[in-house]
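What follows draws every value from the coordinates through simple rules; no lab data is involved. Owing to the predicted nature of the structure, the values given are computational and were not obtained by experimental measurement. Counting neighbours? That spans all protein chains shown, and the Cβs are built from the backbone with ideal geometry, glycine included.
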Amino acid sequence: MTEPSSIRRIAGPHRGRSRAVVHGGLVWTVATSPGASVAEQTAGCLATIDAALREAGTDRSRIVEAVVYLPDISRKSEMDEVWCEWIPDNGWPCRACVSASLPTGDLVEIKLTAALP
C-alpha cells in the first residue's frame with residue numbers, strides 16, 4: 001500500500017509511530033519525557049513538541065487543540081504552571097486534561113494539533 005504524497009510523516013525514536021504527521025495544513029504531534037516531577041516532564045514534553053513543530057514548519061503560536069493526559073489529575077496545577085508559561089498569551093488553544101493510565105514513570109503525555117502558516 002502506498003502512502004498519499006500529501007501526508008508527511010516525521011519519524012520518531014519509537015517503532016510503530018511518528019513524532020509528527022503533516023497533512024491538509026495541519027500538524028499532529030505527541031510527546032512524553034523523562035523526569036522526576038510533573039513539571040519536569042511537562043517541560044520536556046513541550047521542548048520535544050517545539051522541535052517537532054519546527055521541523056513540520058510551524059510553531060506553538062499556531063496550536064489549535066491539545067489534550068494533556070495525567071495519571072493523577074490532582075497534579076494538573078503542576079502541569080498548568082509550565083504550560084501557561086510556554087503558551088504565548090495570544091495563542092491559547094482549545095485544551096483538555098484527561099485522567100488516564102500511562103506507562104509506569106510517565107506523569108504527563110501531551111498530544112496536540114497545530115496549523116501550518
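Points worth noting:
- Sorting Leu46, Leu26, Leu112 from the fewest to the most surrounding beta carbons within 10 angstrom yields Leu26, Leu46, Leu112.
- Size descriptors for segment 31-90: radius of gyration and Dmax over Cα atoms are 11.6, 35 Å.
- Value of [θ]222 nm, deg cm²/dmol, for the chain, DSSP H segments ≥ 4, -39500 (n - 2.57) each, nearest 500: -8500 deg cm²/dmol
- The long axis of helix 38-56 is offset from the longest Cα principal axis of the chain by roughly 10 degrees.
- Pair-distance distribution of the chain: all C-alpha pairs, bin width 10 Å, starting at 0; shares per bin in whole percent are 14, 46, 31, 8, 1.
- Semi-axes of the equivalent ellipsoid for segment 1-58, computed as √(5λ) from the eigenvalues of its C-alpha gyration tensor and ordered from largest down, come to 25, 13, 7 Å.
- Point-charge dipole on Cβ atoms (K/R +1, D/E -1) for the chain, about Cα centre, debye to 20: 520
- Relative contact order (%) - the chain, alpha-carbon pairs under 8 angstrom, separation at least six: 33
- Order of His23, His14 - criterion: other Cβ atoms within 10 Å of each residue's Cβ, fewest first: His14, His23
- Arranged from fewest to most other beta-carbon atoms within 10 Å of their beta carbon, Asp89, Asp80 become Asp89, Asp80.
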